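Right, one structure below, let's go through it.
The values are calculated or read from the model by the stated rules, or taken from the named source; none is laboratory data. Everything numeric here is computed off the predicted structure, so don't read it as measured data. FYI the Cβ positions are ideal-geometry reconstructions off the backbone, even for glycines, and counts take in every protein chain you see. Surface areas here come from the heavy atoms of the whole protein model, side chains and all, with no ligands, DNA or RNA. Shrake-Rupley method; radii C 1.70, N 1.55, O 1.52, S 1.80 Å.
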Number of protein chains: 2
Amino acid sequence: MARKAPRHAEAERNDHALLEAAKKVLAVDGAHASVATIAARAGVGIASLYRRYRSKDELFQHLCALSLDQWIRAAERGLQHDDPWEGLAHYIDACIEFSGGALGPLAGTIAVTDEMAAKFTRSEELMRDLVARAHAAGVLRPDATAMDISLLIEQLGKSPLIEQLDRQDRTDLIDAARNARKRTIAIALDGLRPGHPQLSGTAPSPALLAERWEHAPRGSTRLPERS
Amino acid sequence: MARKAPRHAEAERNDHALLEAAKKVLAVDGAHASVATIAARAGVGIASLYRRYRSKDELFQHLCALSLDQWIRAAERGLQHDDPWEGLAHYIDACIEFSGGALGPLAGTIAVTDEMAAKFTRSEELMRDLVARAHAAGVLRPDATAMDISLLIEQLGKSPLIEQLDRQDRTDLIDAARNARKRTIAIALDGLRPGHPQLSGTAPSPALLAERWEHAPRGSTRLPERS
DNA sequence: TCCAAACGGATAAATTCGCTTCGTTTGAGG
DNA sequence: CCTCAAACGAAGCGAATTTATCCGTTTGGA
């Protein structure tokens, strides 16, 4: 069996801290976030980052894959809800909450792995179900498509005000800002209920978003097995 | 009298192109946009930028002041509308359209001049009127405050999808993306109409946003007279 | 008590940025 | 058709970042 893991526990903790830190820093600094900032925020040395990920891009790819997992889980939990509207609303809330607008800036800057593309497809299917169920129950305005809702999530996930306050360490105000955004989200959700005038223009094609995850410029990079 | 302006016309055209380019680049690249990128996008040399503005910050300050003017004009035009709801809706639409999410990332990175602070105060007053009028006419949900609407505008102004497409020069898709965002905006506007359940939480304090423009770290920098 | 595994931070190498300097082009007045 | 000041574009400079590596130190199970 032998000496395999003298500080295995610490390594795993650091791995988690790194991913959490990367998400926060990405949300605040945008796509040009530096590895030094991420490592510092995680409270680890830079070498610990490069011991797990061969490059900055690989870290971001891993982060994307994990976020896609969260989307999938959120959709599954939404479908378990008995009330179709509550299920959809909780899904939207959850997606806005955990993504924190971190993935938007990343789009187009990293190579898309096969794994990521597959997870996106799965997530899209689940969401289509979620929306179809709400439509069938008549609790969602008929002219709102899954794409409309995806875009709404992306729009609301990124909050310039919260990012500014975060950047300036105004910890006294971010609670108020988060509360304020909750109200904005609630307003948008109300706009999704039935009983509103027909939306103008044609519904956006799902390809608009899908293209982001399907476009795989180079042979997919595979992450090394871990754990 | 004498030889005063051999190429005055070209200079003025370039000035305008610079400001327009700065807004676009800021929206796409965020607050770390470089002067080289801005000058290139405007189709002028770097020196032409520094001949008009003593520094990068001064260019951004001027841009902010101009945007605040646009906000004010949009609010005034909204108030001229006979229909209180139409006036408010057009105001929101206009603000989202021309700001393009350029000012959000700028917040907190440049010094706030007295001029900017004054213009923000004026813009805030006009908007309060706009909202009060809509409230009085009963065409706006009573629990939505001016702050709620300001935040909504800021949220919807910045579109990660459009920015990504812009960055990648996918000119074939940005029209579709803009149309898609129009739908998102329409949904949010519907959520502002009366007849929805009470918003949870307390209304955000106006200070949340105002603080951004009132905070004047150093003595205000004045722009050199031009024209 | 070992010693492999994991650690952190200094550091190398390359890039990027804000800004200046400089030689060239332009176009209205004479 | 010259003249020449005003405006131009772009190469270049030093300072500051950024990615990634190297190496001496710490840790904790066998």
In chain B, carbon and sulfur make up what percent of the accessible area (probe 1.4 Å)?
53 percent
Could you point to the residue in A:110, A:130, A:99 farthest towards the positive end of chain A's charge dipole, with +1 and -1 charges on the Cβ of Lys/Arg and Asp/Glu respectively?
A:110
Where in the range B:7-50 is the amide nitrogen less than 14 Å from a point lying 7 Å along the Cα-to-Cβ axis of residue B:171?
none
Those residues of the range A:135-159 for which accessible area with every protein chain present is at least 50 Å² below the isolated value (1.4 Å probe):
A:151, A:155, A:158
If you take the Cα atoms of the protein assembly as shown, find Rg, then find the Kirkwood Rh from the mean of 1/r over all pairs, what is Rg/Rh?
0.99
At a probe radius of 1.4 Å, figure out the B/A buried accessible area, summed over both chains, and give it in Å² to the nearest 100.
4100 Å²
Per residue of A:169-178, how many C-beta atoms from partner chains lie within 10 Å of its own C-beta, taken as a mean?
2
Give the separation of the Cα centroids, the range B:161-217 to the range A:152-221, in Å.
8 Å
So what's the net charge close to residue A:156: Lys and Arg +1, Asp and Glu -1, counting the other residues with Cβ under 14 Å from its Cβ?
-1
So which residues in the range A:23-67 end up with at least 10 square angstrom less accessible surface once the other protein chains are there, compared with the chain by itself, probe 1.4 angstrom?
A:32
Proximal lysine pairs, the protein assembly as shown, alpha carbons under 21 Å, eight or more residues apart or interchain:
23
Among B:43, B:201, B:157: highest mean-square fluctuation, GNM of chain B, C-alpha pairs under 10 Å
B:201
Does the range A:99-178 come out rounded, prolate or oblate, given a ≥ b ≥ c as the square roots of the eigenvalues of its C-alpha gyration tensor, rounded meaning a/c under 1.5 and, failing that, prolate meaning a/b above b/c?
oblate
Sorted from largest down, what three extents in whole angstroms do the Cα atoms of chain A have along their principal axes?
64, 43, 33
Chain B, relative contact order [Cα under 8 Å, separation at least 6], %:
23 percent
Mean accessible area per residue over the protein assembly as shown (1.4 angstrom probe, all protein chains present, square angstrom) is 48 Å²
